[in-house]
Amino acid sequence: MLAQAVEEQPLHGGTGIAHTRWATHGEPSESNAHPHVSEHIVVVHNGIIENHEPLRALLQSRGYVFVTETDTEVIAHLVHWELEQGGTLREAVLRAIPQLRGAYGTVIMDTRDPGTLLAARSGSPLVIGLGMGENFIASDQLALLPVTRRFIFLEEGDMPKSLAAPVVIFDKSGAEVKRQEIRIQSAV
């Protein structure tokens, strides 16, 4: 069905996020499917946000309306709230991430700046796949083997700001860091 839709209506653009995920909170349904949006903040995530219920209650008290049962929607609203408090998207994410408890990897985009993707991980892997004129991010390099054999494995607390070449990565203190590129010669 998806392949047919893309063939009939080709997508055009330079940046996008999508995700398939086993439902950990809420039933598998179209409304619970990724990505999740809070106005102009778009989020996908893999893992579990253990404190999503108190965060949901806090955000609801601030006027946020939830349309899903997922823990991912909490991330979208939390980042949106932090961005509304001032600063850049990166600064908002740096303030939001420490409030999350659990093991996860997440990718965040502001539709007002669609060329920039931010990602963060805590306890779960995230890997950047380096392509030819394109880059990718996933929770497992096996998902990216059809498109690349060159990878950067993010460390705990790393936050890539851009997946465009050259990839820019900040550590949990906010300092720009370089991570080693790993080449895999054959499929696993």
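The values are calculated or read from the model by the stated rules, or taken from the named source; none is laboratory data. Because the structure is a prediction, the values reported are computed rather than measured. Note: ideal-geometry Cβ built from the backbone for every residue, glycine included; neighbour counts use all protein chains shown.
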Q | Elements of type strands (runs of 3 or more DSSP E) in segment 103-148, at least 1 residues being on the phi > 0 side of the Ramachandran plot | A | none
**Q.** Tabulated pairs, segment 52-80, first closer than 21 Å to G105 by Cα, second small (G, A, S) and assigned to a helix (DSSP H, G or I), C-beta under 7 angstrom, 6+ apart or interchain
**A.** L78/A96; V79/A92; V79/A96
Q | Answer from V107, V147, V44, V65 - the residue that is at pLDDT below 95 and surrounded by fewer than 21 Cβ atoms within 10 Å (Cβ to Cβ) | A | V147
Q) Would you say F136 is touching a helix residue (DSSP H, G or I) at 6+ places or on another chain (Cβ under 9 Å), over 19 Å from G47 (Cα atoms) and either surrounded by fewer than 18 Cβ atoms within 10 Å (Cβ to Cβ) or hydrophobic (A, V, I, L, M, F, W, C) (or both)? A) no
Q: Out of E73, E39, E53, E84, report the one residue that is of a type in the set (D, E), over 23 Å from S173 (Cβ atoms) and crowded, with 21+ Cβ neighbours inside 10 Å.
A: E73
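A quick yes/no check of all residues on (1) buried (at least 20 other Cβ atoms within 10 Å of the Cβ); (2) within 22 Å of L58 (Cβ to Cβ); (3) not charged (D, E, K, R):
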residue	(1), (2), (3)
L94	no, yes, yes
A120	yes, yes, yes
G129	yes, no, yes
G174	no, no, yes
K178	no, no, no
